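Colleague: Take this structure first; my questions come after.
The values are calculated or read from the model by the stated rules, or taken from the named source; none is laboratory data. Nothing here was measured: the structure is a model prediction, and the numbers come from that model. Glycine gets a Cβ as well: all are built from the backbone with ideal geometry, and neighbour counts include every protein chain shown.
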C-alpha cells in the first residue's frame with residue numbers, strides 16, 4: 001500500500017517512516033545482506049532507509065523495531081535479511097500506522 005507524503009500529518013517521526021518506506025517500496029531500491037543489487041546511496045535495507053539526518057529518525061527506528069517485534073518477533077534487520085522485501089513493507093506499514101496513531105493522540109492531548 002503506497003503512502004502519499006502530501007496527505008500525511010507533519011509529525012517528523014511519521015514523515016521519517018513514510019519517506020523511508022517510499023525509498024525502498026520498489027524492490028530495486030531495497031537490498032538484503034548488503035549483497036545482490038546493492039549500490040551505496042541507491043539501495044537501502046529496512047534500517048538504513050531511515051535517514052539518520054532526519055528529525056525524528058531515532059524515534060522512527062524505535063517504531064520500526066517495535067513493529068518488527070510485534071509482527072515477526074525479530075529485529076528489523078533480521079526481517080530484512082531473512083524474510084525479504086514483502087515482510088519489510090509489512091513492518092513499515094505497521095510502524096507508520098502505530099506512529100501515526102501515537103502522533104494523533106499526542107496532538108489531541110491538551
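Colleague: Which pairs do you get when a residue that is on the phi > 0 side of the Ramachandran plot and touching a residue at least 24 places away in the same chain (Cβ under 8 Å), found in the stretch 13-24, comes within reach of a residue that is surrounded by fewer than 22 Cβ atoms within 10 Å (Cβ to Cβ) and assigned to a helix (DSSP H, G or I), reach meaning Cβ atoms under 8 angstrom, with the pair 6+ apart or on two chains?
Modeller: Once the first residue is on the phi > 0 side of the Ramachandran plot and touching a residue at least 24 places away in the same chain (Cβ under 8 Å) and sits in the stretch 13-24, no partner that is surrounded by fewer than 22 Cβ atoms within 10 Å (Cβ to Cβ) and assigned to a helix (DSSP H, G or I) comes close enough.
Colleague: Output the residues belonging to the stretch 1-22 that are under 17 Å from residue 90 (Cβ atoms) and modelled with pLDDT under 90.
Modeller: Scanning the stretch 1-22 gives 1, 2, 3.
Colleague: Something else: Could you pull out the residue among 93, 73 that is farther than 15 Å from residue 11 by Cα, out of contact with any helix residue (DSSP H, G or I) (no Cβ under 9 Å at 6 or more places or on another chain) and modelled with pLDDT of 95 or more?
Modeller: Residue meeting the stated conditions: 73.
Colleague: I would also like to ask the following. One residue is enough: does the stretch 32-44 have a residue meeting the conditions farther than 23 Å from residue 107 by Cα, in contact with a strand residue (DSSP E or B) (Cβ under 7 Å, 6 or more places away or on another chain), at pLDDT below 90 and not in a helix (DSSP H, G or I)?
Modeller: yes
Colleague: Just checking, does the stretch 51-69 include any residue being more than 17 Å from residue 22 (Cα to Cα), in a helix (DSSP H, G or I), out of contact with any strand residue (DSSP E or B) (no Cβ under 6 Å at 6 or more places or on another chain) and at pLDDT below 85?
Modeller: no
Colleague: Sticking with this one: Go through the stretch 63-90 residue by residue and tally those that are in contact (Cβ under 8 Å) with a residue 40 or more places away in the chain, under 14 Å from residue 48 (Cβ atoms) and under 10 Å from the mean Cα position of the chain (by Cα).
Modeller: So the answer is 2.
Colleague: Do you know which of the residues in the stretch 95-106 that are under 18 Å from residue 71 (Cα atoms) and surrounded by 19 or more Cβ atoms within 10 Å (Cβ to Cβ) is farthest from the chain's Cα centre (by Cα)?
Modeller: 100
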